[in-house]
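Derivation of every value follows stated rules applied to the coordinates shown; laboratory data play no part. As the structure is a prediction and not an experimental result, all values here were calculated from the model. Cβ placement follows ideal geometry from the backbone for every residue including glycine, while neighbour counts extend to all protein chains displayed.
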Amino acid sequence: MTARNLKDLPFMLYADPEGRIYEHPHLRMAGFSGSSLSPLDPEGLMVMPEFSKLFYIPSCPPMGLDPHTGQLITVQEMDMGGNPEACSAVAAFLEPGFVRTHLPAAEYRQKTFVLPSWAYGAVGFKDDQYWSPGFEVEYNERWDPRHYDDRELVPAISDFKEKFSGGPLADHLTTCATENHCFAAKNLFLKRWEAPLPVSRRCNAACLGCLSLQPGASFEASHERIRFTPSKDEIVALAVAHLDHAPEAIVSFGQGCEGEPLTEYELIAESISEIRRQTQKGTINLNTNGSFPDRIRKVAESGLDSIRISLNSARPDFYGAYYRPKAYGFEDVVASISLSRNLDLYTMLNYLVFPGISDQAAEVDALTALILKTGVNFLHLKNLCIDPAFYLENMPVTGGPCMGIRKMADRLKERFADLELGYFNQPVL
Ligand code: SF4
């Protein structure tokens, strides 16, 4: 990257011990791919989307580029109010629908804890705006934060509770909507789009970045896992009411606030059969880790319409290192994807993207082979929510040539003309 370009880059950000964020007087922002510096192309920078969040990363000094030499410099301290103080790196958590292409440039070796599970992305400041390296993979009005106004939600919940006898699942989802700000839970009460049906307390995996259960970890899971098994009657009542009245209605088993739904496959299959006996409207979807092909067949035969199977990698060793599966393997997940297509389910992969791993040439080859073999319909490009250093410490190979996340997406799109790339579940019309 030429000096001219370096000067065009936004300024590096840093935070003081209270988390107040500042731009550096001359160092420019940098971005990482895995644990290596990765050039930032000014073309690949976008104004940070409005509903993104900013984080400061305690005990992790920021790293910035000297615009004259191109040297990467770690900034341990900054003068703040006349006193030198330790400073921290700053990261962006991008608005849903946007894919980060670079990790923050930070020195993680001094921290003694694992960061909470968020998708930390690089961010800088210039012309009174925050700038992030990334791109929009899908705009979807159904998930646009501008369409979620809690002034509408509270009366909607009261109205819902008046008309609907309610139960423990509706109470659980009220907490999800009002305290965890889960958009899907808000939709249930706002009677529109995609609504959640969490059912499972257990899981047969132990993902490094699990959102609902982190036993013994130095950080809390971002969601509280459901503590009961809802009744078939309540599941059916909630689902039928939603499918019958909501525009572009989807009900989804498998949420961030639960374990693996296939551990409750019989309850799900019986519920779907009864839902479809009462209504043919909308889409019934299952978000899953795809660990039990035979159970997917049972659920599919009960009337399921679509399925979203999650994976962080199309390489068995990388998959195993992240999911830490119990009594199933990557081959079961591949069999589930193929079976879902053969059973004519609208089949989506929930691909958890991480710069420096997902765009390794070997990974793109493996993902290409998996899509070729299974014929999936839709590929979610989801930013993987995890402490970057913790993830890299646990992955088999972290170096090697990387093509860049944007180039990876373009290459898949070129290779598979019929494959949809996006970020959100799709109604099956
Ligand atoms: S599959 Fe889901 S619930 Fe199970 S450990 Fe992974 S993230 Fe958690």
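Sorting 119-127, 168-176 by average packing, meaning the other beta carbons within 10 Å per residue, from highest down gives 119-127, 168-176. Mean-square fluctuations from a GNM of the chain, with a 10 angstrom spring cutoff on Cα atoms, peak among Glu85, Glu258, Glu248 at Glu85.
Compared with the alpha-carbon gap, the fully stretched path from Tyr148 to Glu266 is longer by 39.1 nm at 0.36 nm per residue. 3J(HN,Hα) along region 143-149: 10, 6, x, 5, 9, 10, 10 Hz, from the Karplus curve 6.51 cos²θ - 1.76 cosθ + 1.60 with θ = phi - 60°, whole Hz, x for Gly and Pro. Distance between the pseudo-spin-label points of Phe164 and Met403 (7 Å out from Cα toward the beta carbon): 4.4 nm. Of all aspartates and glutamates in the structure, the ones whose alpha carbon falls short of 13 Å from that of Lys111, not counting any fewer than 8 places away in one chain, are Asp387.
Sequentially through region 207-224, phi angles give Karplus couplings (6.51, -1.76, 1.60; θ = phi - 60°) of 4, 3, x, 3, 7, 10, 7, 9, x, x, 7, 7, 9, 7, 5, 6, 10, 8 Hz, Gly and Pro residues having no value and appearing as x. Cα to Cα, under 18 Å, and not fewer than 8 places away if on the same chain: which lysines meet these conditions relative to Lys53? Output for Lys53: Lys126, Lys382.
Site pair Phe416 and Glu248 shows an inter-label distance of 2.2 nm when each label is modelled 7 Å from Cα along Cα→Cβ. Near Glu194, the amide H atoms lying under 5 Å from its own belong to Ile250; only residues 5 or more places off or on other chains count, and H is placed 1.01 Å from N. Cross-link pairs exceeding 30 Å in C-alpha to C-alpha distance, out of Lys186/Lys281; Lys163/Lys281; Lys326/Lys413; Lys161/Lys232, comprise Lys326/Lys413. Rounded to the nearest Hz, the phi-derived 3J(HN,Hα) couplings of region 288-300 under the Karplus curve 6.51 cos²θ - 1.76 cosθ + 1.60 (θ = phi - 60°) are 8, 8, x, 7, 10, x, 5, 6, 5, 4, 4, 5, 5, where x marks glycine and proline.
What percent of all Cα-Cα pairs in the chain falls in each 10 Å bin, counting up from 0? That works out to 4, 21, 30, 25, 14, 5, 1, 0, in percent per bin.
Treating r as the C-beta distance of Asp127 and Tyr22 and R0 as 22 Å, the FRET efficiency rounds to 0.85. Secondary-structure-derived ellipticity at 222 nm for the chain, considering helices only, amounts to -9000 deg cm²/dmol, per-run term -39500 (n - 2.57) for DSSP H runs with n ≥ 4. The shape of region 3-136 can be summarised by an equivalent ellipsoid whose semi-axes, obtained from the alpha carbon gyration tensor, come to 20, 18, 14 Å from longest to shortest.
Of the residues Ile272, Tyr322, Ser252, the one whose Cα sits farthest toward the positive end of the charge dipole of region 242-331, with +1 on the Cβ of Lys and Arg and -1 on the Cβ of Asp and Glu, is Tyr322.
Structure remark: mean-square fluctuation, Gaussian network model of the chain, C-alpha springs under 10 Å; the largest value among Leu304, Leu412, Leu13 belongs to Leu412.
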